[in-house]
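Student: Sharing a structure below in structure tokens format, with a few things to ask.
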Number of protein chains: 2
Amino acid sequence: MTAVNGSSVRARVVLQQCLSARLQTKPTEQDSEAQWAEINRGMVIYICFFKGATEDMIPKMVNTLLNMKLCETDSGYTSVLELPGSVLVVPQATLGGKPKGRGMQYHGNIGKEDGQKLYASFVSQCENELSLTVKGSEGAIAVRHGTYGNRQVLKLDTNGPYTHLMEF
Amino acid sequence: MTAVNGSSVRARVVLQQCLSARLQTKPTEQDSEAQWAEINRGMVIYICFFKGATEDMIPKMVNTLLNMKLCETDSGYTSVLELPGSVLVVPQATLGGKPKGRGMQYHGNIGKEDGQKLYASFVSQCENELSLTVKGSEGAIAVRHGTYGNRQVLKLDTNGPYTHLMEF
């Protein structure tokens, strides 16, 4: 049993299934168009690290999340690795919010530098897991991700988001 | 301090801000097109009730959720009521999932009949709050919602979902 915003929770993840999803990775600028990270069918992982999160928890997190049977098929549910589907990782510090009055506070969130490292490690280990499982012939299947600390302009299309919460 | 999936949590809510969102309320059938509930700018509320949830907790939930300052403006954050924005309520029993092995179990979720009543009450109290606050001239602002127990085919367009978790 873990506690919401308590010291025992080191990472919070919200999972949604998608038919497609796109995340802006670079906004429109005077001389360039916006850039997007895009996936087709697969899973969106919104992730937030709390103070106390460490590198050694990432392999188990990645393994658990990519192997959870949350993707619908004609014959039941399977994992995003087995589907096989793509993964869009969205850094989402707001998930660490704790209400105070009518506002949210984020005092439990990890510092920016440590968070950035854990996020990079999480993305890279997702990429490794997916590339080990998914064969080269399935080139459209990939891990895409947002930029830590930036605004996450997201467009999502689902056949039912089937939203789950997981804490580590 | 509340516990994830523990007996003290009676409702779990995930909130996302949107530029627009649409939810299928009736699938395509042989003789009719799919029907959608649609909002423009506002907030998507994914909601799940656990065993032990009761009618008397709904007014406080609605009041808290609609008054939390989670909507971005040029000068900071304001509530969906003050924005004013619309609300899309999505019943999402999967939020009650507790991992067991590679699958999810939903033993903590409230029964269907009680859940349906609480959901209807939640939606209706959101409608009341919004109609009290938002003037008639702002007719595009409304509460829309999915059908309890059905598949929630959702399309979401955000300028940053700003995802928050709240438990009651």
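Student: How many nanometers, to one decimal and shortest first, lie between the label point of B:T64 and those of its other copies, if labels sit 7 Å from Cα toward Cβ?
Tutor: Reported distances to equivalent positions: 2.4 nm.
Student: Over the stretch B:54-122, what is the relative contact order in whole percent, taking alpha-carbon pairs under 8 Å and six or more residues apart?
Tutor: Working: 50 pairs, mean separation 18.8, N = 69.
RCO, the stretch B:54-122: 27 percent.
Student: May I pose another question? Is the C-alpha gyration tensor of the stretch B:35-168 telling us rounded, prolate or oblate? Criteria: a/c under 1.5 is rounded; beyond that, a/b larger than b/c is prolate, otherwise oblate.
Tutor: Working: a/c = 1.78, a/b = 1.55, b/c = 1.15.
The shape class here is prolate.
Student: Specify the inter-centroid distance of the stretch A:120-168 and the stretch A:47-81, based on alpha-carbon positions, in whole Å.
Tutor: Centre-to-centre (Cα) distance: 10 Å.
Student: Going by the rotation axis that takes chain B to chain A, pick out the residue of B with the closest C-beta and quote the gap in whole Å.
Tutor: Output: B:L156, 2.
Student: With +1 on each Lys and Arg Cβ and -1 on each Asp and Glu Cβ, and nothing else charged, work out how big the dipole of the protein assembly as shown is about its Cα centre, in Debye to the nearest 20.
Tutor: On the way: 34 positive and 32 negative charges, 175 e Å.
It works out to roughly 840 debye.
Student: In whole Hz, what ³J(HN,Hα) sequence does the stretch B:66-78 give by Karplus (6.51, -1.76, 1.60; θ = phi - 60°), x for Gly and Pro?
Tutor: 7, 9, 5, 7, 10, 9, 6, 10, 5, 10, x, 10, 9
Student: Follow-up question, since we're still on this one. Taking a probe of 1.4 angstrom, what is the accessible area of A:S124 in Å², to the nearest 10?
Tutor: 50 Å²
Student: Same structure, new question: Chain pair A, B: how much accessible area is buried, both chains summed, with a 1.4 Å probe, in Å² to 100? Working shown, then result.
Tutor: Values: alone 9490 and 9490 Å², together 15320 Å².
Approximately 3700 Å², summed over both chains.
Student: Kindly write out, for the stretch B:106-113 in residue order, the coupling ³J(HN,Hα) from the Karplus curve 6.51 cos²θ - 1.76 cosθ + 1.60 (θ = phi - 60°), rounded to whole Hz, with x marking Gly and Pro.
Tutor: My calculation for the stretch B:106-113 gives 10, 5, x, 5, 5, x, 4, 5 Hz in order.
Student: Is the protein assembly as shown best put as rounded, prolate or oblate by its Cα gyration tensor, with a ≥ b ≥ c the root eigenvalues, rounded for a/c under 1.5, and otherwise prolate when a/b is larger than b/c, oblate when not?
Tutor: Values: a/c = 1.29, a/b = 1.29, b/c = 1.00.
Taking the square roots of the gyration eigenvalues as a ≥ b ≥ c, the protein assembly as shown is rounded.
Student: Counting only heavy atoms of the protein chains, get the accessible area per residue of the protein assembly as shown (1.4 Å probe) and round it to a whole Å² value. Before the final figure, lay out each step's value.
Tutor: Working: 15320 Å² over 336 residues.
On a per-residue basis, 46 Å².
Student: In addition: Net charge near B:G146, counting Lys/Arg +1 and Asp/Glu -1 over other residues with Cβ under 13 Å of its Cβ? Numbers along the way, then the final one.
Tutor: Working: positive: B:R22, B:K26, B:R144, B:R151, B:K155; negative: B:E38.
Summing Lys/Arg as +1 and Asp/Glu as -1 gives +4.
Student: Now for a separate question. If you roll a 1.4 Å probe over the stretch A:61-115 with all protein chains in place, what percent of the accessible area is carbon or sulfur?
Tutor: Working: 1090 of 2320 Å².
In the stretch A:61-115, the share of accessible area belonging to carbon and sulfur is 47 percent.
Student: Right, here's the next one. For the full complex of protein chains and a 1.4 angstrom probe, list B:H164, B:H145 by accessible area with the highest value first. Before the final figure, lay out the partial values.
Tutor: Details: B:H164 0, B:H145 70 Å².
From most accessible down to least: B:H145, B:H164.
Student: If you stretched the chain out fully between A:N150 and A:K60, how much longer would it get, using 0.36 nm times the residue separation minus the C-alpha to C-alpha distance?
Tutor: 29.8 nm
Student: Moving on to the next point. Arrange the peptides A:98-106, A:48-56 so that the one whose residues have, on average, the most other Cβ atoms within 10 Å appears first.
Tutor: Details: A:98-106: 13.4, A:48-56: 17.9.
Ranking the peptides A:98-106, A:48-56 by packing returns A:48-56, A:98-106.
Student: If each DSSP helix of 4+ residues adds -39,500 (n - 2.57) and the sum is divided by the residues in chain B, what number results at 222 nm, nearest 500 deg cm²/dmol? Please report the intermediate quantities before stating the final value.
Tutor: Numbers: 2 runs with 32 residues, N = 168.
Value at 222 nm, helices only, nearest 500: -6500 deg cm²/dmol.
Student: Moving on. Taking the label point 7 Å from Cα in the Cβ direction, how far apart in nm is A:E38 from each other copy of itself, listed shortest first?
Tutor: Copy-to-copy label distances for A:E38: 2.2 nm.
Student: Could you tell me what percent of the DSSP beta bridges with both partners in chain B are antiparallel, to the nearest 5? Mind showing how you got there, number by number?
Tutor: On the way: 29 of 38 bridges.
Within chain B, antiparallel bridges account for around 75 percent of the total.
Student: With a cut-off of 8 Å between alpha carbons and a minimum separation of six or more residues, what is the relative contact order of chain B in percent?
Tutor: Details: 330 pairs, mean separation 59.1, N = 168.
Relative contact order comes out at 35 percent.
Student: Hey, another quick one. Could you give, in nm with one decimal, how far B:G111 is from each other copy of that position, shortest first, with labels 7 Å out from Cα toward Cβ?
Tutor: Sorted ascending, the copy-to-copy spacings read 5.3 nm.
The values are calculated or read from the model by the stated rules, or taken from the named source; none is laboratory data. Here the structure is a predicted model, which is why all the values come from computation and not from measurement. As a convention, Cβ positions derive from the backbone with ideal geometry for all residues, glycine included, and neighbour counts pool all protein chains shown. Each accessible area value is taken on the protein alone, full model and side chains, heavy atoms only, with ligands, DNA and RNA left out. Shrake-Rupley method; radii C 1.70, N 1.55, O 1.52, S 1.80 Å.
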